[in-house]
Amino acid sequence: MNEAIIQVDGVTKRYGTLAVLNGIDLSVPAGRFAAVIGKSGSGKSTLLGVVSGLEKADSGRVLIQGHDLSQLDEPQMADLRRQTIGIVFQSFNLIPSLSALENVLLPTFFEKEGTAADRRKRATDLLAQVGLGDRMHHRPSQLSGGEQQRVAIARALVNRPAILLADEPTGNLDAETGAGVLGLLLDMSRIFATTLLIVTHDLDVAGKADMTIEMKDGRIQHGNA
């Protein structure tokens, strides 16, 4: 078995008096596709937030490629996230005033390696790979929901992350478009040998995963690999 690239040990998280995560233990080996399922309010999106470092656990620890997130300051956390983690959101989170290409380029602005031309080529190549080579200069308002999510996937992959996190990536899409986006996520994660962790309500999505983790009331009910 591959070494765990995501390790969650005894993590808890509260919002005021509400316990959202209750002693979560999770291990995802490198290169696997893991799906976290559960009803709304089960804690699955909060778990993704804690794994990404966008939210801090109250107790326990999260290790990403062996780095304990609780030991990192904000600049270190930002660097780790930029270099190691790509995130795809349900609501796309594209900047309306920027073109598809400019949105994809955003995560590269703090990259120290390579030239601007190298980064631009990487972004244009990714947009071509997700089927938007002829629409890279369109703004989000000129793109369909499925096309916007494809831009978001390209943006998440532009820094060649080891981990791709996706929070309900098909939730705002119709069934046919959602299936296309899921297929693209799987294809791209294989091409780039990226570990994929998806939060979803969709059991069809979960059925394609190497690992399925079911959550209820902030706890993992069961998982299979």
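Where a number appears in this text, it was derived from the coordinates with a stated rule and is not lab data. Predicted model only: the values in this text are computed from it and were never measured. Every residue, glycine among them, receives a Cβ derived from its backbone with ideal geometry; neighbour counts consider all protein chains shown.
Before moving on, here are some points about what is shown:
- Among residues of segment 69-86 being under 21 Å from Ser59 (Cβ atoms) and touching a strand residue (DSSP E or B) at 6+ places or on another chain (Cβ under 7 Å), the one that is surrounded by the most Cβ atoms within 10 Å (Cβ to Cβ) is Leu69.
- The residue that is surrounded by the fewest Cβ atoms within 10 Å (Cβ to Cβ), counting only those in segment 37-58 that are in contact with a helix residue (DSSP H, G or I) (Cβ under 9 Å, 6 or more places away or on another chain) and within 15 Å of Gln7 (Cβ to Cβ), is Ser52.
- Checking each residue in segment 173-191 for being of a type outside the set (A, V, I, L, M), surrounded by fewer than 15 Cβ atoms within 10 Å (Cβ to Cβ) and closer than 22 Å to Ile85 by Cα picks out Gly183, Asp187, Arg190.
- Of the residues examined, Leu101 is not one that is within 22 Å of Asp167 (Cβ to Cβ) and either of a type in the set (A, V, I, L, M, F, W, C) or in contact with a His (Cβ under 9 Å, 6 or more places away or on another chain) (or both).
- Residues that are out of contact with any Phe, Trp or Tyr (no Cβ under 8 Å at 6 or more places or on another chain), without any contact (Cβ under 8 Å) to a residue 60 or more places away in the chain and at negative phi number at least 2 in the following strands (runs of 3 or more DSSP E) confined to segment 33-131: 59-64.
- The listed residue being within 19 Å of the chain's Cα centre (by Cα) and surrounded by fewer than 19 Cβ atoms within 10 Å (Cβ to Cβ), out of Gln129, Gln142: Gln129
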